[in-house]
Amino acid sequence: MHLMLLLATLAIAWGIRFTGSTAHDSWTDSWTDSWTDRWQQTLALFSLPPLLLMTSAIAVCWMGPHGQMVWPWEGWLSYGLGLSFLGFAALRCLHLAWQGNRTLRQVRTQPITEHQGNSIRILESSILYSAQIGFWQPELVMSRGLLETLATPHLAAIIAHEQAHRHYRDTFCFFWLGWIRQITAWLPQTELLWQELLVLRELRADRWAAEQTNPLCLAEALLLVVEQYPLFGGNVCAAFSSIATQNRLTQRIEALLATPKPMESAPLNQPSWGTWSWMLLSVLPLFLIPFHR
């Protein structure tokens, strides 16, 4: 029965991704769709299948290799599969955390300065670059070229955008989402949904900045910075120039120029009943543990 649980969960995970792929195409046809709906639906499609697989593996490992099985070898096979998946997930998490911590230590060797009331790590580079780098308390990083090239209104707009990433704890949240991406890259639609989450993250930060600064300045700054080569990568970096493809850049520009109308939707991080329902669904395999014999 343990092996059947793993196989059934795997089939459900694939089915969720395949069923949601058609709906996903309709959400991304236009930036005028509800951003809250796009965020919640994309997050559910991205996270629910991996979480189901993980909780099923935890349930199988908790129940152990013994019990009523269809085949004598089924218990140890399912136990080995579950343990291997959890071990792989743990190793990937540790590796990503090590990479992120190494990047953060590198950033903290850079000089720090105050600009417009914000503490900024200065990179001695002519490339136009700005990002939040870290985990729960990220560092605001800007290049010397950015500070010397852009006018004050454009800098204020970029700083407001980066403050949004800090407010929403994007570096921390996307570290975990990036971990999910790493351990289930073999599931269908993983990369497509990941890119959708990235652009929604940037749209949310753009909206935050547009409410505090001139949206036109932010759009102009985006056009200036977006083509620059990223200095840092990884899941602990939320860069101002983060986009997936050229049409996503167009989405961000059009949304900014249309402010405030598209920005009137509810906050993207506001929980909904739909969010809680799929989170509850993801832990259902754990409820089988008390019934194990």
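Filtering segment 164-185 down to residues that are hydrophobic (A, V, I, L, M, F, W, C) and free of Cβ contacts under 8 Å to residues at least 60 places away in the same chain, which residue is farthest from LEU53 (Cα to Cα)?
Pass one, segment 164-185, residues hydrophobic (A, V, I, L, M, F, W, C): 164, 172-177, 179-180, 183, 185.
From what's left, free of Cβ contacts under 8 Å to residues at least 60 places away in the same chain: 164, 172-173, 176, 185.
On the way: ALA164: 32, PHE172: 22, CYS173: 20, TRP176: 16, ALA185: 13 Å.
Filtering segment 164-185 for residues that are hydrophobic (A, V, I, L, M, F, W, C) and free of Cβ contacts under 8 Å to residues at least 60 places away in the same chain, the one farthest from LEU53 (Cα to Cα) comes out as ALA164.
Applying the condition of being polar (S, T, N, Q) and closer than 30 Å to GLU220 by Cβ to segment 158-184 and asking which residue is farthest from the chain's Cα centre (by Cα) yields GLN163. Of all residues in segment 10-21, one or more are at pLDDT below 90 and of a type in the set (D, E, K, R).
The set of residues in segment 152-193 being aromatic (Phe, Trp, Tyr) and within 17 Å of GLN99 (Cβ to Cβ) consists of PHE172, PHE174, PHE175, TRP176, TRP179. Entry remark, segment 185-219: residues being under 16 Å from the mean Cα position of the chain (by Cα) and not in a helix (DSSP H, G or I) number 2 in total.
Take residues that are touching a Phe, Trp or Tyr at 6+ places or on another chain (Cβ under 8 Å) and tell me which of the strands (runs of 3 or more DSSP E) falling wholly in segment 89-151 contain 1 or more. Working first, answer last.
Details: elements: 112-115, 118-123, 130-133, 139-143.
Here the list reads 118-123, 130-133, 139-143.
Within segment 127-141, if we keep just the residues that are among the aliphatic types (A, V, I, L, M) and closer than 15 Å to THR109 by Cα, the residue that is surrounded by the fewest Cβ atoms within 10 Å (Cβ to Cβ) turns out to be LEU140.
Each row is one residue, and each column tells you yes or no for (1) of a type in the set (A, V, I, L, M); (2) modelled with pLDDT under 90; (3) more than 22 Å from LEU53 (Cα to Cα); (4) surrounded by 16 or more Cβ atoms within 10 Å (Cβ to Cβ).
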site	(1), (2), (3), (4)
VAL70	yes, yes, no, no
TRP73	no, yes, no, no
SER78	no, yes, no, yes
ALA89	yes, no, no, yes
ARG105	no, no, yes, no
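The values are calculated or read from the model by the stated rules, or taken from the named source; none is laboratory data. Predicted, not measured: the structure shown is a model, and the values here were computed from it. Cβ atoms come from the backbone with ideal geometry, glycine included; neighbour counts cover every protein chain shown.
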